[in-house]
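What follows is one structure encoded as structure tokens, with my remarks underneath.
The values are calculated or read from the model by the stated rules, or taken from the named source; none is laboratory data. What you see is a predicted model, and the numbers here were worked out from it, not measured in a lab. Every residue, glycine among them, receives a Cβ derived from its backbone with ideal geometry; neighbour counts consider all protein chains shown.
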Amino acid sequence: MTIKKLTAMPYAQAHIEIDNDYNISLFSYATLVATITREGWLTVYGLYSMTTRKHISAFVKEYTNGTIDYASAKAAYEGNYRINIYTGEIEELA
């Protein structure tokens, strides 16, 4: 597993964990906030605070190569779905 800081926010209380299967997870403080699977599925687990929203915004900018913005990530959370960052496909969460 690899642990990294957000490039745009190196001093933030957030970090990225990349597991051996290349799944990428964003943690804001100690809370899992979002993941991107190896297949490209972005799932947001909560918006929580204004600070966490800033972490999510930096995360999607850095790890989706501009294909997804914060507004799309927020809409996915509020609509209870996930987005594929490669295809734009939407899938409802159970």
Checking the conditions here, which among 83, 90 is among the aliphatic types (A, V, I, L, M), under 11 Å from the mean Cα position of the chain (by Cα), farther than 20 Å from residue 8 by Cβ and at pLDDT 95 or above? 83
Could you identify the single residue in 70, 22, 29 that is farther than 19 Å from residue 8 by Cα and over 9 Å from the mean Cα position of the chain (by Cα)? 22
Tell me, please, whether a residue that is of a type in the set (D, E, K, R) and under 14 Å from the mean Cα position of the chain (by Cα) can be found in the stretch 53-60. yes
Looking only at the stretch 47-94, and only at residues there that are among the small types (Gly, Ala, Ser) and surrounded by 14 or more Cβ atoms within 10 Å (Cβ to Cβ), the one that is nearest to residue 18 (Cα to Cα): 58
Give just the number: which of (1) loosely packed, with under 12 Cβ neighbours inside 10 Å; (2) in a helix (DSSP H, G or I); (3) not aromatic (Phe, Trp, Tyr) does residue 38 not satisfy? (2)
State yes or no: is residue 8 surrounded by fewer than 14 Cβ atoms within 10 Å (Cβ to Cβ) and either in contact (Cβ under 8 Å) with a residue 60 or more places away in the chain or assigned to a loop (DSSP other than H, G, I, E, B) (or both)? yes
